[in-house]
Amino acid sequence: MMKHSDLPGTIPIFPLPGALLLPRARLPLHIFEPRYLQMIEDTMKTSHRLIGMVQPFEAPGSGEQKLHHIGCAGRLTQFSETEDGRYMVTLAGMSRFRISGEVSGFAPYRRCDVSWEGFNADLGPTETDKAFDRDRFLDLLNRYFEAQDLSTDWDSLKDAEDELLINSLSMLCPFDPEEKQALLEAPSLSTRRETLVTLLEFALAAGSDEERMQ
């Protein structure tokens, strides 16, 4: 089993609003900006093939793009190139990290020194959620999907393991970047599920309020 001591202290950073990667999950990406095409090419040459996904935010007043301190690193596991030079890649979530500083240099993309301390469970076995009330959760999710006019394969959701279900929905539901960050920073699967439930309930309540105002 891989240990955090095996991971590099500096990784390339891909700041993409709303794109959430979690440990043991997979994130497909469509790469077309020249600087990130270069990032993929450089990453392919490394032994670890890690890219850090981080939620950016705009600093009040200055408009400068800042990075949240906690992100998640994914290993580049699938790669294909389109006829017009774009890359289709998949990242397999490895571990969250904490940014300790940004590295200056000649690369066109951002690179950061990172610490893996405090995220030991990310490289461990699949998490379970003993307090998970699946029937109640799926009922809430069904109401949310109807309100958002979304569709899904409900049979697959009913059969999915706790971690796959909770993490996949955290990544796929159309929450705003700050809400995605809250899901990322949840210390355990149980707290992520609790955060996810709160966000679903909030979205339903907000939708009901809008309907009453019309």
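The values are calculated or read from the model by the stated rules, or taken from the named source; none is laboratory data. On a predicted model such as this, the values are computed, not experimentally measured, just so you know. Here Cβ is always computed from backbone atoms with ideal geometry, including for glycine, and neighbour counts include all displayed protein chains.
Points worth noting:
- All conditions in (1) surrounded by 14 or more Cβ atoms within 10 Å (Cβ to Cβ); (2) within 19 Å of the chain's Cα centre (by Cα) hold for HIS30, with the sole exception of (1).
- From LEU21, LEU16, LEU37, LEU50, residue being more than 19 Å from SER115 (Cα to Cα) and either among the polar types (S, T, N, Q) or modelled with pLDDT of 95 or more (or both): LEU37
- Restricting region 11-59 to residues that are touching a residue at least 24 places away in the same chain (Cβ under 8 Å), part of a helix (DSSP H, G or I) and not hydroxyl-bearing (Ser, Thr, Tyr), the residue that is farthest from GLY93 (Cα to Cα): PRO34
- Matching entry among ASP176, ASP159, ASP149, ASP153 (being surrounded by fewer than 15 Cβ atoms within 10 Å (Cβ to Cβ), at positive phi and not assigned by TED's automatic domain parsing to the domain that holds LEU50): ASP149
- Screening region 95-119 for residues that are among the polar types (S, T, N, Q) and more than 13 Å from CYS72 (Cα to Cα) and picking the one that is surrounded by the most Cβ atoms within 10 Å (Cβ to Cβ) gives SER100.
- Assessment of region 101-114 against the conditions (closer than 21 Å to LEU164 by Cβ and not acidic (Asp, Glu)) yields no matching residue.
- Any hit, region 102-113, residues being assigned by TED's automatic domain parsing to the domain that holds LEU50, on the phi > 0 side of the Ramachandran plot and modelled with pLDDT of 90 or more: no
- Residue check for PRO8: under 22 Å from PRO108 (Cβ atoms) and assigned to a loop (DSSP other than H, G, I, E, B): yes
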